[in-house]
1. Mind giving me the nanometre distance, one decimal, between the label points for residue B:506 and residue A:51, set 7 Å out from Cα along Cα→Cβ?
2. Can you classify the range A:5-108 as rounded, prolate or oblate using the Cα gyration tensor, where a ≥ b ≥ c are the square roots of its eigenvalues, rounded means a/c under 1.5, and otherwise it's prolate if a/b beats b/c and oblate if not?
3. Enumerate the residues in the range B:82-114 having an amide nitrogen under 19 Å from the point lying 7 Å beyond the Cα of residue B:140 toward its Cβ.
4. Pop a pseudo-label 7 angstrom from the Cα along the beta-carbon direction at both residue B:495 and residue B:256 and give the gap in nm to one decimal.
5. Put +1 on the Cβ of each Lys and Arg and -1 on the Cβ of each Asp and Glu in chain B; which of B:39, B:274, B:176 then has its Cα farthest toward the positive end of the dipole?
6. Whole-Hz ³J(HN,Hα) for each residue in the range B:65-75, computed from phi via Karplus 6.51 cos²θ - 1.76 cosθ + 1.60 with θ = phi - 60°, x for glycine and proline: what do you get?
7. Considering amide H positions built from the backbone, and no H for Pro or chain starts, which residues 5 or more places from residue B:310, or on another chain, come under 5 Å of its amide H?
8. Hey, which of these cross-link pairs are over 29 Å Cα-Cα: A:62/B:547; A:103/A:187; A:385/B:492; B:131/B:168; A:324/A:348?
Amino acid sequence: MNNTIVGVATCLGAPSGINIIRISGEDSFPIVKSVFYSKATATDIWEYNKMYLGTVTGEDFKERAFCVLYKAPKSYTGEDVAEIHCHGGSGVTKAIFNLLINKGARPSEAGEFTKRAFLNGKLTLSEAEGVADMINAETAGQVRNAYKLMSGELTKGIEETELALIEAAAMLEAKLDYPEELEEETKPAAYKVLVKAKAICDELIRSSAGTKILKNGADIAIVGIPNAGKSTLLNAILKEDRAIVTPIAGTTRDVIKESVEIKGIKLNFLDTAGIRDSGYDEIEKIGIEKSRTAVKTADVVIFLSDATVDGEKEKDLLSLLDGKKSVIAVNKSDIGKYEKDGIKICAKTGENVDKLLEKVIGLLDNDGMYEKGIITNERHIAALKECVGLINDAIAAYEIMPSECIAVDIYAASSALGRITGKSVGDDVIDEIFSRFCVGK
Amino acid sequence: MIKEFDAVVIGGGHAGIEAALSLARTGHETLIVTLTLNAIGFMPCNPNVGGTAKGHIVKEIDALGGEMGRIADMATIQTRMLNLGNGAAVHSLRNQVDKDRYHALMKEVLIKQDKLHVLEGEIEEVLFDGKKVVGVKTMLGDIYRTRAVVLCTGVYLKSRIIIGDYTKDSGPQGYSRAEKLSDCLINAGLPVRRFKTGTPMRVKRQTVDFGVMVPQYGDENIYPFSEFTEKKVENDAVCYLTYTNPETHKIILDNIDRSPLYNGIITSVGPRYCPSIETKIVRFKDKDRHQIFIEPEGKDNDEMYVQGLSTSLPFDVQEKMLHSIKGLEKAEILRYGYAIEYDCLNCECLLPTLAVKNFVGLYSAGQINGSSGYEEAAGQGLIAGINCGLFLDNKEPFVLRRDEAYIGVLIDDLCTKGTEEPYRMMTSRAEYRLLLRQDNADFRLTEKGRELGLVDDERYEKFLAKKREKETLDKELERRYSPEKCKDAFEKMNEPLPKSGISAREILRRSTLNCDVLKEIDEYFTTVNQFLLSQLETEIKYEGYIKKQEQSIKEMRKMEERILGENFNYDEVDGLRLEARQKLSETKPLNLSQASRISGVNPADIVVLMVHLQKKGK
C-alpha cells in the first residue's frame, strides 16, 4: 500500500482565498519537488519550515503557489510533510491534487493525517479535541454514505470484483494449505478469475471519467476573440429563467464564473472575459493564455465566433479546440458579413441560446453517464486504480512468482476495495476454500 | 508431599507439557497433574507432527526454547517438506512420528525436569478467592495451594465418544474423562461450550494389501524441526495412498440416516478442517474419489492410521466402507473411528496472554480454547506458561505480534475474533506469511526466548554464530561479475546478459535465476553454508512483496504500543458508537492494534480512541 498520502487541508466546499494541499509520508519531498519549480531558490537547497514561491506545473496547467517543507519529526504528522498553498477554487486545487496522485501519492483516508499524527505522538490536545467531531462526521459516515450513494450498477461491479478476488485467493490458498489433499491444480483457474476481476475493475474506472461532471458539474469554457460577445452570451444564459443559479464558492481567479443547472446537470461556465480593460496587444496575449487554460480543463468548449471578424483572426484560438468536445456558435450573424459554420445565435437577444445549450448537454450525455452510473468520489477512484494496479502486478508476475507472492497482491487489491466498501476479506477466503474444495483430514 | 506450588498445570497433553516446562525452566515450582501418566504427550489422532502452518509453529516453539520440535525429531520415522513447488514461505515440514516413542520421551523429559512435579490424578476444582486463583483440589480431596493455574484439559472435559448410536462418557481411546472440572469452571462464571472432533479407524498392518497402493516415501533432504537436533532424523517409514470409490460413497449415503452427525445425536460444532468422510461425501457429491493415506502409528507398531476416513458411522458401516476401498478389502479393524464431544471455553474470554479475563492467575491453553491440533495446542501452552511465569514474577506480559509468529496469529485470532469451530492454523491466516517462514523461525524468535530465560547458553551461542555467518555471507553478495564471467551460466538459462556486470545479489534477485547459477559463476558460493545462502536468496526474492506490506506492518507496530488494557473504561470515551463500545468492553483489547481487528470496530472508532488516549495522556 502506498505510504505517501495527500489531502486538502482546507475545506474545499467552503469559500476560501487559499487552499492548502498537504502531503505526508516518505516520498512527499520528492513528489512535491517533481512538480514544483522555484526560480529564486532551487528546490534541492530549500530550507525546512520556509515558504517558497514558485510554479506547480502539470500536464495541462501552470499555477503560481507557495510551498513549504516540514522535515520529520517536526511536522503535523511527524513524517516528512510538504504543503502547497494555492489559490482558492476547487478547479485549481483539484488539478494540483490529481497531479500529486499521478506522481505517486494516494488520497488520504478520512482521518488519516490525524491518525498518523497520533501514532507519531504529534497530536496536541486542542487538535485532539477538534478532530473528534470531524471524525464522527467524516470517517465511517463518509465511507459508508459515499458507498451507499453509488448506483446499483457500480456497487454490483465492485462486489463482483471483490468476489472474484476472494475466489482467486481461495483457489491459490487451498493449494498452498492443502498441497497433498487437493489433487487439482488451481493456479491456472485462478488466473482466469483474476483477469475477469481486472476487466470489471477497468470498466469501473473507465466509467469514472464522467465522475467530476456529476459531482462538481461540467466545466464549460466559452472562448473567442475579444469582443466576440462571450460575456453577453454568459449573461444570456444566466438571465434565462430556467435554473437555479449559484456562484461557485471559493473562486478568486475569475476562471469559474457562474453555474447553472440545466436538465439536472450543473454547468460551470468558465468565463474568459474580464480582460477587456487592458491594452489591446496585452489583451490578445493574456486572452489566448487564459483561454488555453480554460479550454484544457473544460469538459466542453463553446467557441464563440464573431461574424463581423475575419476567420483568419480566430484561427489561433480555434486550434485550441483540437481533441476537445466543442460547439461553435456564431454570434452577430445578423450584422456580420463573414459566413461561418456553427449555430447562429444572438447573444444579445438570447436567440438560439437554447439550441446551443442543448448541443452542449448532448455532448456530455454521450458519455452515457446516466445509464451507467458514475463513481463520484476521488477516494473511490484512487482505490479502484490502486486495486487494478495490484491486479496487474499479480497478473504480470503470475508465471514467474510462486502463489504466496501472487496472493500478496490479491489481498492488497481487496484491501484497496475495502477502502470503498469498508469490508475486509480475511475470513471470506477461508470460507470460500472450504465451500469450494474438499480438503482437510 | 509438597502442598504448595508456584503454579499448577492441569493436563499433560501437548499444551500442558510446554506450559509446565516453560514454568519450571524459568524457576517456578510447578505441579503438572494428568489423568494418567500413560497419556503424557499422547497423540490421539494422526501420527504426524507438523504440516502446512503447523510445521511453522513447531519451529517457533523450538526457537522459543520449547520441547515439541526436539522430541518430534527424535520420534520421527519419516520426514517430508511439503509445498516445495512454491516459495520458501509455505514450505512446511511434516513428519510421521512414532506415537509411543513420542509419549515415552516426553514423559521422561517431564519427570527429569528440575522444579517440575508430575502427578497422576484428576483436578476436580480450581479454588478461588473471589476472582483470584488460590489452589486446586484433586479427586482425593487433596488440596494444593498455588497462585496460578494453567488449564490444558484438551478434549477431556466431560467428553463423550460416539460411534453410530453408541455413546460413552469417555476420553479418547479408552482414557477416562474429567468429570467435575467443567462444572467448577461454569460455576466460576467461565463461558463453557461444546465442540466436536473425530478420528478414523486403525487397521492391522498385516491385513492391508500395500501392493495395490501408491507408496509415499520420505524426502531425500532432511531438515529437522529443532536447532538442537544433531543426530540424523529417521526416515525409513513408508505411507501408502489409496482412494475411495463410488461404491464407498454409496455405502455411506445409504446409511447416512444412521450417522450421528446427520440424525441429531451430535449437535456440537465440528471443524471444517477435519471433516468426517460422511461430511465430505454429502458436501461434495460430485467428487468420485477421495484420497486415503495409510500411515504407520509407529516404527514397530502394527497399527495403521487410515487418514481420510474419520467417521462416527456405526461399526458395520465402517467395516463395509473400509472394505470397499482398494487394498483394504480384508483390512482388520483394531479400533473403530469415533467422534468425540467435549467441553471447552469460548476463547473470547481470553486475553492475548492466554490469561482468562477478569481472573487473577488463571490461564488456559490448547483445545480447551477451541483450537484443534497438537501443534496449535503446544504453541498456546508455551505462551500460557511463559505469561503465567511472568505474572508470578510481576513482569510485563509476553505477546507475539502477527508479523512475528504464527503463534501470534493463532492467539490473536482466537482472542480477538473468536472461533465457531475447532480452529486450525493455516498459512493463509497469516497476512505477513512471507516474513513468517519456517526457515527463519530461529532468527525471529531465539532472542526473545533468550530474554525469557528459555534458551540456554549453548543454544544461544550456536544461534549467534549462525547469525554472524549470515551477516558475512550477506556482505559477500556484493561481489560483482563481468558480463563475460556470467556468459555461460546465463546463456544456459536463456537469461539476457547484463551490460555492465552484475552483483551476486542482483543475480539472486532475478526471478529466473537462483543459487545454482550463482555457484556456477562463482565457486566461492559452493563453499558457504548452503542453508543460509538459500535463505538469503528467499529474502532477496521476496523483498519487493515484503516492501508492499511494510506500511501496514509499521502502522500495526505503532498501534501495538498504544496500550488500552483490561481496565480501560470505554464508557468514558466520547463519540464511540454503541456497537464499538460494547465490542471493545467485551474484548478488552490489550492495545489499539488488537482493537482495530475486532469485528464491529471500524477505523473511525479507532481514531476516536486515539483522540481519547491522547487527551488522557496530557
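1. Modelled inter-label distance: 4.6 nm.
2. Taking the square roots of the gyration eigenvalues as a ≥ b ≥ c, the range A:5-108 is rounded.
3. B:111
4. 5.4
5. B:274
6. Using θ = phi - 60°, the values come out as x, x, 9, 3, x, 5, 6, 4, 4, 5, 9 Hz.
7. B:277
8. Long pairs (Cα-Cα over 29 Å): A:62/B:547; A:103/A:187; A:385/B:492; B:131/B:168.
A short reminder: the numbers here are calculations on the coordinates, not readings from a lab. Since we're looking at a predicted model, the values are computed, not measured. Note that we place each Cβ from the backbone using ideal geometry, even for glycine, and neighbour counts take in every protein chain shown.
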